[in-house]
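Written below as C-alpha cells is the structure these notes are about.
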Amino acid sequence: MAKITLKDVAAAAGVGAATVERALNGRGNVLPETAEKIFIAARRLGYRAPRAGTRHGLVRIEIVLLRPETYFYSRLNRAFERIAALLDKDILIQRTFVREDDPADFSRHIANPQARRSALIVVAPDHPDVVGSVRRAAGGGIPVVQIMTRPAPELAYVGIDNEAAGRTAAFYMTRMQAGVSGTFVALCHSGAYENHKARIRGFSDHLLAHANPSHRFAEVMFDEDDEMKTMELLTSAFARYSDIAGLYSAGGDNAAIATVLRRHRMPSVFWVGHELSDATRGYLKQGLMTIVLDQAPEIQARRAIDMTLKRLGLIDTDIDPEPVRFLTVTAENL
C-alpha cells in the first residue's frame, strides 16, 4: 500500500499542501473550517496524527440537552463528560442546555449556534419549528444525530425502541395481573416528545391487541413532569376510578407518584415506570414500584458519539444500527 503523503491530504481536503502543513503543525493562518477539513481528511487517509495539543477543538461536536436538574439528563450529561475526557484534544465536545418550553429559542439556537459546529447531537422536542431547524442543520451538510427521541424519522437516531418499551409495560401489567380485575391508567409528560408518544402508543396497542375483559384502560394524563400537577391528576384519577390496578408512567416524575400511592395507601397498584435512580431503587425495594424500564443513557451517549465520529470519517468502527436495549429492573435484580 502506497504511503500517504501531505499532497494526498491536500487533494482530499481541496486545499494546497502548504495549508495542510500549517494546519497539521499548528502554524496558524488557517481558517477553523479549513483546519477541520484537513484534520478529518488526514484521519480518513491514515496520515500521521497532528501533534497533540497543537490545536484544540478542530472538530466541534455540539450536544444539545434539556433539564440538567433531572436524573436522566444528569446521567446523560455525565456520560458525555466522561467520553469527552477520553477523546483526542482536537475533538471538542460542547454540551449546551436549552429550554424545552421555548421552541422559538430552541430552534434559533439550532439554526444559529454561538460557535462553529462540525456535528450536532440533539434531544429535540416534537415541535415544527425545532424539527424544521434540525432538518435544516442536517441539510446544511453536518452530521446530525437525534438522541433519546426521534421527531425527524429520516435522520439518524440513537435510543431505545420506545414503542417496545410501552408494549413491554403493558405485557407485564396484563400477564402478571391476569387474575386481577381493574382499571389501568397512564401518566405522560405531554405530547411534546415523540418518545413519550411512542411509549403510550405501544402501551395502548398491546392492551388493544390482547384485550382482557377484566382490564380497562381508562385514560392518559399529561403531567409535564410537574410534581404538583402529577399529584393533582393522580389523586383525581383515584377519586374517579376506585379499582385502579395498573399505572404506567411514561415520563419521569416518579417522586410525586410515590407520594400519592403512599397517601392513598395503594401499594397494590402495579406500577411500571422509567429510569433506574436512587429513588426508584427505593420504591422497588419498598414494593411501591413493580418494574423499572431503564434506557441506559450511558450506552446512548457512547453510541451517539461513535456514530457522529463515524459519519465525520474519524473512525472506521461499525456502529450497531439496532435500538439501544432497555433494561427491565425489579426488586429481585437490583
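The values are calculated or read from the model by the stated rules, or taken from the named source; none is laboratory data. Note that the coordinates shown come from a computational prediction; the quantities given were computed from them, not determined experimentally. Neighbour counts run over all protein chains shown; Cβ positions are idealised from the backbone, glycine included. Note: accessible area is taken over every heavy atom of the protein model, side chains too, but ligands, DNA and RNA are not part of it. Shrake-Rupley method; radii C 1.70, N 1.55, O 1.52, S 1.80 Å.
Structure notes:
- Considered as a group, the residues in segment 170-198 that are within 25 Å of ASP320 (Cα to Cα) and in contact (Cβ under 8 Å) with a residue 60 or more places away in the chain include one that is least open to solvent (accessible area, probe 1.4 Å), and that residue is TYR193.
- Number of residues in segment 78-91 that are at pLDDT below 95, under 15 Å from ALA301 (Cα atoms) and buried (at least 18 other Cβ atoms within 10 Å of the Cβ): the value is 0.
- Any hit, segment 230-249, residues being of a type in the set (Phe, Trp, Tyr), open to solvent by 30 Å² or more (accessible area, probe 1.4 Å) and under 23 Å from the mean Cα position of the chain (by Cα): no
- Some residue of segment 35-53 being closer than 21 Å to ALA138 by Cα, at pLDDT below 80 and either among the polar types (S, T, N, Q) or not in a helix (DSSP H, G or I) (or both): no
- Residue within segment 175-183 that is under 15 Å from the mean Cα position of the chain (by Cα) and small (Gly, Ala, Ser) present: no
- Just one of the numbered conditions (1) part of a loop (DSSP other than H, G, I, E, B); (2) open to solvent by 40 Å² or more (accessible area, probe 1.4 Å) is not true of ALA115: (2).
- Being within 18 Å of GLY252 (Cβ to Cβ), open to solvent by 50 Å² or more (accessible area, probe 1.4 Å) and free of Cβ contacts under 8 Å to residues at least 60 places away in the same chain is a description that does not apply to GLU154.
- Segment 17-34, subset in a loop (DSSP other than H, G, I, E, B) and open to solvent by 40 Å² or more (accessible area, probe 1.4 Å), residue modelled with the highest pLDDT: LEU31
- Where a residue in segment 21-44 is under 11 Å from LEU314 (Cβ atoms) and among the small types (Gly, Ala, Ser) and its partner, wherever it lies, is surrounded by 22 or more Cβ atoms within 10 Å (Cβ to Cβ) and modelled with pLDDT of 75 or more, with Cβ under 6 Å and at least six apart: ALA41/VAL9; ALA41/ALA13; ALA42/VAL9
- Residues of segment 264-308 that are more than 22 Å from VAL180 (Cβ to Cβ), open to solvent by 10 Å² or more (accessible area, probe 1.4 Å) and assigned to a helix (DSSP H, G or I): ASP278, ALA279, ARG281, GLY282, LYS285, GLU298, ILE299, ARG302, ARG303, ASP306, MET307.
- Failed item in (1) of a type outside the set (S, T, N, Q); (2) assigned to a loop (DSSP other than H, G, I, E, B); (3) closer than 15 Å to VAL185 by Cβ, with ALA256 passing the rest: (2)
- Out of ALA124, ALA170, ALA164, sole residue that is modelled with pLDDT of 95 or more, under 24 Å from MET221 (Cα atoms) and over 19 Å from the mean Cα position of the chain (by Cα): ALA170
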